[in-house]
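Asks: Quick one: structure below, then a few questions.
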Amino acid sequence: MVIQATTRVESLSTSGIRQIPKEYIRPQEELRSITNIFDEETNKQKPQVPTVDLTDIESDDPEKRHKCLEELKKAAMEWGVMHVVNHGISGDLIGRVKAAGEGFFGLPVEEKEKYGNDPDGGRIQGYGSKLANNASGQLEWEDYFFHLVFPEEKRDLTIWPTTPSDYTDATTEYAKQLRALATKILSALSLGLGLEEGRLEKEVGGIEELILQLKINYYPKCPQPELALGVEAHTDVSALTFILHNMVPGLQLFYDGQWVSAQCVPDSIILHIGDTLEILSNGKYKSILHRGLVNKEKVRISWAVFCEPPKEKIILKPLPETVSEAEPPLFPPRTFQQHMEHKLFRKNKDEVMQN
């Protein structure tokens, strides 16, 4: 089958093909590590992504708050990813956000195409697929919808879906509440480095400059999931990434020399530490390599919100307090834009270690 420039993965999935086009087949050395995600999900022998309860993140009880902050710090330093529960965002709102995203992706492909983006033309927001070859030279088994959600004055509501009707209201409220949660997390992580509470937030742009971008990832059923990836191995460039999903497993983390599957934890939000915080903390907080598996039985959807510093205004480098003679700076000074370009153009075959 010839892949047309406009072919959506959903269209391939529903076309009845039994073999995926060669453009989606991963390189041989990578295929050895791709496993059945449902078998992986029940494998309790491997390490488990930590779950952190945020109930006491702002507690008046110093002991309770300290315990919560220490758990958060430990997970950020050892894993760089965690399930957070009791995060303060209501199940009702999260349900609305998921229903809105599922409603959009439930529309016919031709309806979704009205929101199509054009990365080559510089229009990255909107409905899209990874149609350009990436670092591996292969395509990813996903479609997506991507747009800026906060600050509100920087949004372009003309490209937000009008169907379902609750999409804008639910997404707007969720972004607002996530932004407040990001402040709490950044405060806790600042204290974890021995810094003043507001320091990390200030270093990533503060309330005015930190932007939140939403990417709804849609992973259709795949007839040969053992040959494909929904998203290839990468680390997030963000400061923080918050992820919801539809309780279908797929996220894998490269931890302790092996690929580990994240369990589905009800009522949780997955929190990733991104490259930006790894740089500022001089590697004390980890930005973990991760990827997404697909399957032939269930559609998987995830809602990732990336909290990113401004592209040019801030120089990202290890904070002076994190550097010493024994711990020299691990990262050169770069703007966020330069860091993204560095990652984009770097030959990263040696980054993806396989079992």
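Asks: Counting only trypsin sites (Lys or Arg not before Pro) that sit in a DSSP loop (anything but H, G, I, E, B) with at most 11 other Cβ atoms within 10 Å, what is the longest stretch of the chain containing none of them?
Replies: Segment 45-312 is the longest.
Asks: Rounded to the nearest 0.05, what FRET efficiency is calculated for Ser11 and Asn86 with R0 set to 45 Å and r the Cβ-Cβ distance?
Replies: 0.65
Asks: Taking Lys313 as the anchor, which lysines have their alpha carbon closer than 30 Å to its alpha carbon, excluding any fewer than eight residues away along the same chain?
Replies: Partners found: Lys73, Lys130, Lys154, Lys176, Lys184, Lys202, Lys215, Lys284, Lys286, Lys343, Lys347.
Asks: Same structure, new question: I need the shape label for the stretch 75-132. Rule: rounded when a/c is under 1.5, else prolate if a/b > b/c, else oblate, with a, b, c from the alpha carbon gyration tensor.
Replies: Because a/c hits 1.5 or more and a/b fails to exceed b/c, the stretch 75-132 counts as oblate.
Asks: Roughly how tilted is helix 336-345, in degrees to the nearest 10 and between 0 and 90, from the longest Cα axis of the chain?
Replies: 40
Asks: Could you calculate the contour length gain from Glu341 to Ala326, that is, 0.36 nm times the residue separation minus the distance between their Cα atoms, to one decimal place in nm?
Replies: The span from Glu341 to Ala326 would gain 2.4 nm if fully extended.
Asks: Stretched out fully, how many nm does the piece from Lys74 to Thr158 gain, at 0.36 nm a residue minus the Cα gap?
Replies: Difference between extended and current length: 26.1 nm.
Asks: For the chain, take the longest principal axis of its alpha carbons; what is the angle in degrees between that and the long axis of helix 62-78, to the nearest 10 within 0 to 90?
Replies: 50
Asks: So, one more: Contour minus end-to-end for Glu29 and Cys264, with contour as 0.36 nm per residue of separation and end-to-end as the Cα-Cα distance?
Replies: Full extension from Glu29 to Cys264 adds 81.8 nm.
Each reported figure results from applying straightforward, stated rules to the coordinates on display, with no laboratory input. Given the structure is predicted, the values throughout are model-derived calculations rather than measurements. Heads up, the Cβs are rebuilt from the backbone with ideal geometry, glycines too, and the neighbour counts pull from every protein chain shown.
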